[in-house]
Amino acid sequence: MPFSPLRLLVAYDDADGLCGAVVPRMVELLNARAFTVETVVIDDAPRDHELWEYAGLVLGTPSYGLGLRGAGPSERVVKWVEAQGGLDDVKVAVFSAFQGRAGNSLRNVRQLVVDNGGECIARHPYWLKRPAHDEHVLPAECMVRIR
């Protein structure tokens with residue numbers, strides 16, 4: 001039987017370019033782990049995506065300041081998840097991109113995923129002063145847990 005790479009959807013809020021600073025390298029690492037990756041920048045007009053077409057979802061949010069009051073998920077991410085009509089049986093890896101501290105963003109995004117029926121399989125904060133630090137973690141977790 002011939003090999004067929006699994007499809008992943010990377011959906012992220014690129015407010016202030018925070019998530020967009022790490023997504024190209026993340027996609028490169030996911031492609032190296034035999035995934036076919038599609039990306040979606042979440043904007044103010046979320047639309048429904050056929051999530052059943054993908055083996056998994058990578059969901060990203062910016063995190064501001066100390067990650068307390070400015071903690072994700074962003075309003076755009078919340079609206080995007082709601083537009084999907086739930087995440088039932090979807091394997092989701094979550095990430096945040098931050099300049100100060102990651103704070104509670106990953107905890108909050110994980111809870112958003114769980115509350116909408118998804119399975120959170122991995123989470124990783126990307127500090128924009130050292131974005132390459134442990135950048136392999138999220139793609140590796142996807143490789144192990146989405147197969």
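Along its principal axes, segment 1-60 has C-alpha extents of 44, 25, 10 angstrom, given from the largest down. Report the one residue of V41, S74, P5 whose Cα lies farthest in the direction of the positive end of the charge dipole of segment 1-83 (charges on C-beta: Lys and Arg +1, Asp and Glu -1; origin at the Cα centre). Of the candidates, P5 comes out farthest on the positive side.
Within the chain, the proportion of C-alpha pairs whose separation exceeds 18 Å stands at 51%. Fully extending the segment from A140 to E53 would add 29.2 nm, taking 0.36 nm per residue of separation and subtracting the current Cα-Cα distance. Given +1 at the Cβ of Lys and Arg, -1 at the Cβ of Asp and Glu and no other charges, the dipole of segment 89-147 around its Cα centre is 200 debye to the nearest 20.
With all protein chains in place and ligands, DNA and RNA left out, the 1.4 Å accessible area ranks T39, T61 as T39, T61, largest first.
Restriction of the trypsin sites (Lys or Arg not before Pro) in segment 24-133 to DSSP coil positions whose beta-carbon has at most 13 other beta-carbons within 10 angstrom yields R47, R69, K129.
Estimated from helical segments only, the mean residue ellipticity of the chain at 222 nm is -7500 deg cm²/dmol, where each DSSP H run of four or more residues counts as -39500 (n - 2.57).
Calculate, for V41 and Q111, the FRET efficiency according to 1/(1 + (r/R0)^6) with r their C-beta to C-beta distance and R0 30 Å; round to the nearest 0.05. Here the calculated transfer efficiency is 0.85. Across segment 83-99, rounded Karplus estimates of 3J(HN,Hα) from the backbone phi angles (6.51 cos²θ - 1.76 cosθ + 1.60, θ = phi - 60°) give 5, 7, x, x, 10, 3, 6, 8, 8, 10, 9, 10, 9, 10, 10, 9, 9 Hz, Gly and Pro being marked x. Beta bridges per DSSP, both residues in the chain: antiparallel share near 0 percent. Around the Cα centre of segment 31-147, unit charges on the Cβ atoms of Lys, Arg, Asp and Glu (plus for the first two, minus for the last two) sum to a dipole of about 660 debye.
The values are calculated or read from the model by the stated rules, or taken from the named source; none is laboratory data. This is a predicted model, so every value here is computed, not measured. Positions of Cβ are generated from backbone atoms using ideal geometry, with glycine treated the same way; all protein chains shown enter the neighbour counts. The area values use the complete protein model at the heavy-atom level, side chains included, leaving out ligands, DNA and RNA. Shrake-Rupley method; radii C 1.70, N 1.55, O 1.52, S 1.80 Å.
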